[in-house]
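Okay, so here's the structure we're looking at.
No lab work stands behind these numbers, since they all come straight from the coordinates. Just so you know, these numbers come straight off a predicted model, no measurement behind them. Cβ coordinates were reconstructed from backbone atoms using ideal geometry, including for glycine residues, and neighbour counts include every protein chain displayed.
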Amino acid sequence: MKMSRRNLLLASGTAAASSVVVAQPAAPAGAPVARASQGYLPVRTLNGWTLPYKLKNGVKEFHLVAEEFEHEFAPGCKAKVWGYNGTTPGPTIEVVEGDRVRLLVTNRLKEHTTMHWHGFILPSGMDGVGGLSQPHIQPGETFAYEFTIRQHGTHMYHPHADEMVQMALGMMGMFIMHPRNGDAVRVDRDYCFLLHNWALHPGTYRPDPSIMQQFDLWTFNSKVFPAIETIVARTGERVRLRVGNLSMWNHPIHVHGVEYFVTGSDGGRWRQEQWRREVTEIVAVGQTRDIEFVAVPGDWALHCHMSHHTMNSMGHEIPNNVGVDQAGLQEQIREMLPGYMAMGEKGMAEHQDHTQMGHVNGPENTLPMMSGKGPFGNIEMGGMFTVVKVRDDLARNDYRDPGWYKNPPGTVAKRVSSDPDFGEPLRRPGAGASATPAAADKMPMDHSHR
Ligand SMILES: [Cu+2]
């Protein structure tokens with residue numbers, strides 16, 4: 001290999017990166033934002049990593065290995081899953097438009113597989129649909145895919161063989177293509193994550209691939225809150241979130257504190273006049289979306305807005321006890337089921353306290369429905385939820401969790417009364433705890449005064 005300066009940089013980068021498995025350590029405080037030798041800002045895969053490559057005669061060669069391993073969704077919940085190079089999602093692949101790439105795929109599973117390069121412009125025979133575009137990759141075999149990158153944007157890879165099973169067990173990854181001429185509007189932090197769902201029934205250790213709707217775990221990069229890394233930025237920085245969805249549901253991704261711009265998709269970064277201001281954007285199955293915002297100081301929730309997707313396993317057959325008077329019931333049931341706890345009468349917020357105090361022991365290898373502690377109490381979230389933490393004083397390349405936000409004095413919502421009869425709010429006559437359902441039915445519904 002002719003050793004140009006670029007090759008040297010790439011080679012040394014590869015050597016350094018190959019010793020890094022998952023960690024993406026923060027650069028020393030004050031270090032300049034590290035751009036790759038081709039000028040792009042590398043993406044940061046939440047809880048994940050970027051696959052190093054070898055440059056061979058001008059071709060970037062990446063090597064993915066399909067295999068089974070143990071994965072932890074959050075402490076207390078593990079499963080045997082399938083993925084690439086020991087992780088789910090597999091490592092992120094990062095290239096530049098115009099690059100020639102060779103993608104080696106070794107199959108260490110016990111059944112055949114293939115790799116589909118989702119949304120790529122490439123020769124038909126490189127598209128990876130088993131039986132249609134190529135023979136399947138049998139156990140033990142390695143196939144090579146080689147083509148030139150003809151586009152840019154946020155993309156994904158996944159098998160196109162026994163797809164329902166292989167994807168349900170975690171086989172997928174992100175494939176980021178940077179534009180050849182750089183971004184007209186540069187971002188300062190570039191995060192990526194994949195949305196997924198898992199039918200890991202409480203007490204079991206393998207995801208159930210036949211489930212179509214009743215999932216137990218909703219994940220960003222195969223992790224659930226609070227095990228999902230925080231998204232960190234400095235005030236005023238332009239942040240991009242690249243979100244891909246290879247789950248079985250659409251996910252409305254909501255970010256607090258900003259009106260963000262939707263700036264791109266599988267179709268690349270959109271022209272600026274096409275950018276849309278939103279606060280929630282549906283990332284549908286098989287789609288990717290790029291979301292960009294200028295960071296505003298604070299701790300801001302980022303989550304899927306399907307409220308069941310910010311919960312963990314619920315068993316799905318729990319009775320609806322909201323409003324049910326369970327007085328005396330708990331003692332009666334305890335005679336048959338020691339430790340039974342009547343719950344849900346006032347709502348389910350108490351659930352997190354009960355699980356944390358050990359009053360409720362669920363089946364083994366499962367997670368409480370909601371968890372996460374904040375500076376003011378329980379956050380009562382699980383699944384697809386994390387926090388965007390923006391601070392004024394972060395170094396430009398510092399990705400460490402800065403702790404909780406110190407709100408300026410007078411800017412936190414606070415109690416002004418503990419009396420339920422406080423104030424003179426307008427309410428429907430008879431509304432409230434003292435009204436029986438029968439009485440409420442007889443109330444005149446006069447909207448004329450509203
Ligand atoms: Cu969702």
Seminar exercise, completed: Any chymotrypsin sites (Phe, Trp or Tyr not before Pro) in segment 180-212 that lie in a DSSP loop and have at most 16 other Cβ atoms within 10 Å would be Tyr205
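So what is the diffusion coefficient of segment 95-143 in µm² per second by Stokes-Einstein at 10 °C and 1.306 mPa s, using a Kirkwood Rh over Cα pairs? Mind showing how you got there, number by number?
Details: Rh = 11.7 Å.
In µm²/s, the coefficient rounds to 135.
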Exercise. In nanometres, what is the gap between the two model label sites at Arg277 and Asp419, each 7 Å from Cα along Cα-to-Cβ?
Worked result: 4.2 nm
Exercise. Using the alpha-carbon centroid of each, what span in Å lies between segment 247-312 and segment 134-160?
Worked result: 27 Å
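Using a cut-off of 10 Å between beta-carbons, work out the net charge of the residues near Asp188 (Lys and Arg +1, Asp and Glu -1, Asp188 not included).
The answer is +4.
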Exercise. Roughly speaking, what is the stretch gain from Gln151 to Glu335, that is 0.36 nm per residue apart minus the C-alpha to C-alpha distance, in nm to one decimal?
Worked result: 59.6 nm
Exercise. Long-range amide H contacts for Gly264: which residues qualify at under 5 Å (H placed 1.01 Å from N, peptide plane, sequence gap of 5 or more or a different chain)?
Worked result: Trp270, Asp290
Exercise. How high is the FRET efficiency between His305 and Val129 when r is their beta carbon distance and R₀ equals 30 Å, given to the nearest 0.05?
Worked result: 0.35
Exercise. Among 119-131, 231-243, how do they line up from the highest to the lowest mean number of other beta-carbon atoms within 10 Å?
Worked result: 231-243, 119-131
Problem set entry | Surface/4 of the Cα convex hull for segment 60-108, nm² | 3.9 nm²
For this session: Figure the gain on full extension for Thr411 and His256 (residue separation times 0.36 nm, minus the Cα-Cα span) and round it to one decimal in nm.
Result: 54.2 nm
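Taking N as the number of residues in segment 128-211, what is its Cα Rg relative to 2.2 N^0.38 Å?
Numbers: Rg = 17.1 Å, N = 84, 2.2 N^0.38 = 11.8 Å.
My calculation over the Cα atoms of segment 128-211 gives 1.44.
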Problem set entry | Spherically averaged projected area in nm², based on the convex hull that wraps the Cα atoms of segment 150-196 | 4.3 nm²
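Quick one: Kirkwood hydrodynamic radius for segment 193-241, alpha-carbon pairs, angstrom, one decimal? It would help to have the intermediate numbers written out before the result.
Details: mean 1/r = 0.0775 Å⁻¹.
The answer is 12.9 Å.
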Exercise. Based on Cα positions only, what radius of gyration and what Dmax would you give for segment 65-190, in angstroms?
Worked result: 15.5, 46
Exercise. Quick one: length gained pulling Val296 to Ala144 fully straight, 0.36 nm per residue minus the C-alpha distance?
Worked result: 50.2 nm
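Using the C-alpha atoms of segment 365-429, what convex hull volume per residue, in cubic angstrom, is computed? Mind showing how you got there, number by number?
Numbers: hull volume 14.0 nm³, N = 65.
Roughly 215 Å³ of hull volume per residue.
Less than 10 Å Cβ to Cβ from His152, Lys/Arg counted +1 and Asp/Glu -1: what total charge do the surrounding residues give?
Local charge sum for His152: +1.
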Exercise. With each pseudo-label sitting 7 Å past Cα toward Cβ, what's the Asp325-Leu426 distance in nm, one decimal?
Worked result: 3.4 nm
For this session: Find the relative contact order for segment 164-272 and round it to a whole percent, using C-alpha pairs within less than 8 Å whose residues are 6+ positions apart.
Result: 31 percent
